[in-house]
Each structure stands twice: as C-alpha cells, then as structure tokens.
C-alpha cells in the first residue's frame, strides 16, 4: 500500500506541474496602426501594418513604426514569469523534474500581445 501512495503522490505532482518545457518558445504579437501603409520594424525585421508577428517569449520586443510625414513610433515590450513557470516552481518543491521547464522560453510570457501603433503628423 505504501508504494501505491507514493505512485499517487508522484502522479499528482506531475499533474500539477505546468511543465513550461512543453510550451512554444514563440508568442504572437498582433500589431495594428492608425495610419495605412505604416512600415513596422519588430526586433529589426521589417513588416507592413497590420500584422501578426511571432517573437520569442523570453526576450524584449522592440516595435517601431515609420511613415513619411509622421513622427516615429517606438515601443518596448518586456516579459515576465508565466503561470506555467509558477506551477513548475511549486512542482519542483515536490519532485525535481519540473525545474527543467524553468530553463526554457516557455517559462515566460510577453507583457503585451496587442500593440496599436499611433503615428502623429509632424
């Protein structure tokens, strides 16, 4: 009977662990603009607005907007520890395995996933 309880405890610990290692390493940022044909730069890559861009969830995202006759738009999106990572921390206190998820990009979430680029005339 002791073995059965141990197996149940281990199964429960695995079930409550978020296991960030299985989450995608990229997250989608939706970008919309108030001025048609705005040129976007997201982390240095060029896009047209509106767009949806997949970026790494464990690094800062730089969004820039350009159009002749308008002021330049700039925004930095930071990231934070995800709820999945929080569950990994709790799971690590019970069994060690979930700690590996904390070393992956899946342990993080972007602070914002929708950006509205507002350009003002010069």
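Kindly check whether there is at least one residue in the stretch 79-86 that is at pLDDT below 95 and more than 13 Å from the chain's Cα centre (by Cα). So far as the stretch 79-86 goes, yes, one or more of its residues are at pLDDT below 95 and more than 13 Å from the chain's Cα centre (by Cα). Restricting attention to the stretch 17-40, the residues that are within 12 Å of the chain's Cα centre (by Cα) and assigned to a strand (DSSP E or B) total 4. Listed conditions (1) out of contact with any strand residue (DSSP E or B) (no Cβ under 7 Å at 6 or more places or on another chain); (2) free of Cβ contacts under 8 Å to residues at least 24 places away in the same chain; (3) within 17 Å of residue 108 (Cβ to Cβ) are all met by residue 36, apart from (3). If you go through the stretch 42-86, how many residues are assigned to a strand (DSSP E or B) and closer than 26 Å to residue 104 by Cα? Here the count works out to 16.
The values are calculated or read from the model by the stated rules, or taken from the named source; none is laboratory data. Just so you know, these numbers come straight off a predicted model, no measurement behind them. Don't worry about glycine lacking a Cβ; one is built from the backbone with ideal geometry, like all the others, and counts go over all protein chains shown.
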